[in-house]
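Contents: one structure, followed by commentary.
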Amino acid sequence: MSTHSRRFDLIAFDWDGTLFDSTVAITRSIQQAVLDVGGQRPSDEQAAYVIGMALGPALAHAAPDVPRDKHTELANRYRYHYLKLQEQVTLFDGVRPLLEQLRARGHLLAVATGKSRQGLNEVLELADLRRTFDATRTADETAGKPHPLMLLELMAELDVPPERVLMIGDTTHDLIMARNAACASVGVAYGAHDPASFAACQPLFTAQNVPQLHEWLLQHA
């Protein structure tokens, strides 16, 4: 596929809830961590809402009754619970062939995630995808979502202008980040946030599942 027939040169993906089926594991880990430090258990919706944000702000938002002096312990308990579940979590069905076909078509691929660098490196190794992406950014090495810095840095590193960049994610944090960076976005309805909340972010499309995302990208990206 030639550059002239591609609409987007760079496709950036969120990780959790978009490529990796980790929403339930993260939600449960947040809830248990809050209980461990004496906070009130957040609802499934409250815990899932913060997925995609940097860990510190995410946990503070999910557990507003936990005092600041317990935030380090809260983060450590979250990591403890999530690491117990991480090896049970896998890529969504269809993600690997989707990424392979996008690379074959000549798209640059990137990850923009609220995970830490260590956390992303671990799951990239676990999923055997380390060589699949041309660049990655994590919340602990740049600004957390929905600040646009992650995407701005990826664009600078790969020398792609914003009008040639597509961001794909399962949360409003991802879609607002794309808008803040003057990039187009696509939402996925199978992750952390209710897709009814996507409308204000004006994504080009909302995919109900990975096969639908795959089909849309082949036709429109």
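If you scale each eigenvalue of the Cα gyration tensor by 5 and take the root, what three semi-axes come out for region 95-221, rounded to whole angstrom and sorted largest first?
19, 18, 15
Given the rule -39500 (n - 2.57) for each run of at least 4 DSSP H residues, summed and divided by the residues of the chain, what is its mean residue ellipticity at 222 nm, to the nearest 500 deg cm²/dmol?
That comes out to -12500 deg cm²/dmol.
Along each of the three principal axes of the Cα atoms of region 12-56, give the extent in whole Å, ordering the values from largest to smallest.
Extents along the principal axes: 37, 19, 15 Å.
Treating only the Cβ of Lys, Arg, Asp and Glu as charged (+1, +1, -1, -1), what charge dipole size does region 87-156 show about its Cα centre? Round to the nearest 20 debye.
Magnitude of the dipole: close to 220 debye.
For region 23-86, what does the alpha-carbon gyration tensor say about shape, rounded, prolate or oblate, given a ≥ b ≥ c as the root eigenvalues, a/c under 1.5 as rounded, and a/b over b/c as prolate?
Judged from the Cα gyration tensor, region 23-86 comes out rounded (a/c under 1.5).
Calculate I(q)/I(0) for region 116-186 by the Debye formula, one identical point scatterer on each C-alpha and no solvent, and give its log10 at q = 0.18 Å⁻¹ to two decimals.
-0.72
Is region 1-126 rounded, prolate or oblate when judged by the Cα gyration tensor, a ≥ b ≥ c being the square roots of its eigenvalues, rounded requiring a/c under 1.5 and prolate requiring a/b larger than b/c?
The shape class here is prolate.
What order do you get for 80-92, 143-155 when each peptide is scored by the mean count of other beta carbon atoms within 10 Å, highest first?
143-155, 80-92
Of all beta bridges DSSP finds with both residues in the chain, what is the antiparallel percent, to the nearest 5?
5 percent
With only Lys, Arg, Asp and Glu charged, each at its Cβ (+1 for the first two, -1 for the last two), find how big the charge dipole of region 23-86 is about the Cα centre; round to the nearest 20 debye.
Its charge dipole is roughly 180 debye.
How high is the relative contact order of region 1-153, given as a whole-number percent (alpha carbon pairs under 8 Å, six or more residues apart)?
29 percent
Using DSSP H assignments, which helices in the chain have an axial alpha-carbon span of 24 Å or above and a mean Kyte-Doolittle hydropathy of 1.0 or higher?
Qualifying helices, which must be both long enough and hydrophobic enough, do not occur.
From the residues T27, P57, L85, which one has its Cα farthest along the dipole of region 23-86 in the positive direction, the dipole being from +1 and -1 charges on Cβ of Lys/Arg and Asp/Glu about the Cα centre?
L85
Applying a 10 Å radius around every beta-carbon, put 184-193, 97-106 in order of their mean neighbour count, most first.
184-193, 97-106
Going by average Cβ density within 10 Å per residue, which order do the peptides 110-118, 133-141 take, highest to lowest?
Listed from highest to lowest mean packing, they are 110-118, 133-141.
Coordinate-derived values only; no laboratory data. As the structure is a prediction and not an experimental result, all values here were calculated from the model. Note that each Cβ is placed from the backbone with ideal geometry, even for glycine, and that neighbours are counted across all protein chains shown.
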